[in-house]
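Let me begin by presenting the structure, written as structure tokens, before commenting on it.
Values in this text are rule-based calculations from the coordinates and carry no lab data. Just so it is clear, the structure is predicted and the values come from calculations on it, not from any experiment. When we count neighbours, we look across all protein chains shown, and the Cβ atoms used for this are built from the backbone with ideal geometry, even at glycine.
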Amino acid sequence: MNLLGKQQIWKDYQKEIADDKYFYARSCIRQTFFPGSEWAYLDILRNKLQKEVVDDPRHTTCTGIGYHSDVVPIETIMTVVARHFALMTEAGYENMTPSCITSFGIYTEILDTWEHYPEIEEKIRDFLWKATKREFKKPKNLAHTSDIIYKFRQNIADLAVYSLKDVHSGRSLRGVDHIGCHYAKMFPSKGIGGAEFPAVLSGLIEAWGGEPVDYPERRHCCGFGFRNYLVMANRGFSVANSKKKFESMQAYAPDFILTNCPGCGMFLDKWQYTISEMEGITYGPDGYGIPVLTYEELTALLLGYDPWEIGLQMHQVAVEPLLDKMGIRYDPDAKYRNIRGESLGEPACPTYLKVK
């Protein structure tokens with residue numbers, strides 16, 4: 001499909017995204033894998049973009065992993081989500097913004113179900129009242145947090161200290177965008193660009209001076225799959241899916257991978273280490289692996305946040321080669337030190353994961 005055709009699809013699959021006053025729903029796995037991402041997102045919205053965001057400590061997991069693994073019944077997850085909506089309602093907010101792609105898909109699925117089967121919604125309202133004595137209003141606007149960053153991408157570009165340009169050559173850095181499956185594949189109309197040509201991350205790369213990489217397996221799943229990860233015997237299938245993507249993108253020499261799903265970011269980062277241990281293979285233009293960033297981390301880097309303050313030392317593949325290309329200043333000695341300057345210890349990892 002030519003560019004004009006893609007642009008028409010993006011136009012057809014635009015969505016309403018609220019301007020302000022967001023009720024933020026944390027991700028249970030994002031906080032574990034890349035905890036600095038959520039802190040950075042909240043700080044950027046509040047202190048850089050001057051937006052109002054509620055982060056309620058009473059918010060819990062949506063139980064999506066259990067639901068998609070056939071452990072949590074649908075009535076249970078609906079009641080848990082109804083409680084989330086009740087917390088939003090009690091706070092006086094109408095705009096729900098989940099950090100997790102799975103949560104976004106869960107909220108979308110539940111709202112769609114209630115629209116078509118209002119009797120189920122009434123049953124869940126009764127369950128919630130009996131369990132918690134809470135009531136709720138449904139969100140007026142539901143947008144994933146990557147949608148929010150996309151909405152304000154030009155504002156962020158105007159505030160940016162750095163860009164996606166190689167400071168040594170002036171070329172645009174090449175970025176692979178990987179979209180979590182639950183973002184638009186289930187409900188294409190709910191994702192910017194739809195299922196086939198989602199633009200929520202490629203739009204960020206372009207707006208910030210980079211070059212999105214289009215390659216054959218661009219829309220292929222990373223292989224996370226909740227049953228694949230929970231059942232150890234299935235994890236080889238997960239690795240194989242990621243490997244298929246790495247092999248497909250290798251010829252295009254991407255400088256980084258950008259994700260909007262907590263699980264996808266973790267697997268695309270850590271499976272590179274696993275594959276190197278299993279087969280002695282590394283990817284990327286310099287053979288040192290392809291750095292994987294969340295959209296929150298990339299946004300923070302462009303705005304001048306310290307790489308270690310936002311938790312980039314938590315990544316398996318070293319990010320320093322990308323930081324050097326972007327001209328970002330950092331203290332290599334601070335990478336594995338806490339806020340008091342105490343050493344956290346350095347990982348014993350293969351040479352390819354370290355900076356040259």
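Partner lysines whose Cα lies under 17 Å from the Cα of residue 335, excluding those fewer than 8 positions away in the same chain, are identified as 354, 356.
For the stretch 103-152, what class follows from the C-alpha gyration tensor (a ≥ b ≥ c being the square roots of its eigenvalues): rounded when a/c is under 1.5, otherwise prolate if a/b is larger than b/c, else oblate?
Details: a/c = 3.07, a/b = 1.96, b/c = 1.57.
In terms of gyration-tensor shape, prolate.
With Cβ to Cβ distances under 12 Å as the rule, what net charge do the other residues near residue 186 carry (K, R +1; D, E -1)?
Working: positive: 185, 190; negative: 109, 112.
Around residue 186, the charge tally is 0.
Build a GNM of the chain with springs between Cα atoms under 10 Å apart, and of 105, 225, 265 the one that fluctuates most is 225.
Computed from Cα atoms alone, the Kirkwood hydrodynamic radius reported for the chain is 21.1 Å. Other residues with beta-carbon under 13 Å from the beta-carbon of residue 27 carry, at +1 per Lys or Arg and -1 per Asp or Glu, a net charge of -1.
In the stretch 170-213 the Cα-Cα distances spread across 5 Å bins starting at 0 as 6, 26, 28, 17, 13, 6, 2, 1 percent of all pairs. The shape of the stretch 213-356 can be summarised by an equivalent ellipsoid whose semi-axes, obtained from the alpha carbon gyration tensor, come to 25, 17, 15 Å from longest to shortest.
Any idea what the relative contact order of the chain is, in percent, if you count C-alpha pairs under 8 Å spaced at least 6 apart? Intermediate results must be reported in sequence, preceding the final value.
On the way: 577 pairs, mean separation 67.0, N = 356.
About 19 percent, as a whole number.
Entry note, the stretch 166-242: relative contact order of 27 percent, from Cα contacts under 8 Å with a spacing of 6+ residues.
Take every DSSP beta bridge whose two residues both sit in the chain; close to 10 percent of them are antiparallel.
With coordinates expressed along the principal axes, the C-alpha atoms belonging to the stretch 163-240 extend over 46, 32, 20 Å, beginning with the largest.
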